[in-house]
Amino acid sequence: MSQDGNIEELIKKINGHAGVKGFIIVNSEGIPIRHSFEDADRLLSIQYAALLQQMTSRAKSSIRELDSLNDLFFLRLRSRKHEILVAPDKEYLLIVIQQPPV
């Protein structure tokens, strides 16, 4: 299966989970290259991408400073309104926004 096929399959899985409000795929420069938000919320996806890319970079740096052989694999943030899941990769960042579980 091609990489595009794998991405499509992953997106279907993510969107199939209960409570998922949307996802954003961000390139290494912090630019959202794909998202599931309506066009009216495009600015919101850009804001999420920029802020979470910075936060992920800082978290990665902190982990490496504590242990140079370690790395960040997953970041989970929870507020009253949302739960944000961030999965960093070498070239991309996957951000999933969902309703927090009760």
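Quick note: the coordinates plus some simple rules give every number you see, no bench work behind them. Here the structure is a predicted model, which is why all the values come from computation and not from measurement. Glycine gets a Cβ as well: all are built from the backbone with ideal geometry, and neighbour counts include every protein chain shown.
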Any residue at all in region 28-38 that is assigned to a helix (DSSP H, G or I) and more than 22 Å from ASN15 (Cα to Cα)? no
Test ILE11 against the criterion of being over 23 Å from ARG78 (Cα atoms) and in contact with a strand residue (DSSP E or B) (Cβ under 8 Å, 6 or more places away or on another chain), and give yes or no. no
Among the numbered criteria (1) closer than 18 Å to ILE84 by Cβ; (2) surrounded by fewer than 10 Cβ atoms within 10 Å (Cβ to Cβ), which single criterion is violated by LEU10? (2)
Filter region 50-102 for residues that are polar (S, T, N, Q) and without any contact (Cβ under 8 Å) to a residue 24 or more places away in the chain; which is surrounded by the most Cβ atoms within 10 Å (Cβ to Cβ)? SER57
Filter region 68-100 for residues that are among the small types (Gly, Ala, Ser) and assigned to a strand (DSSP E or B) and give the result. ALA87
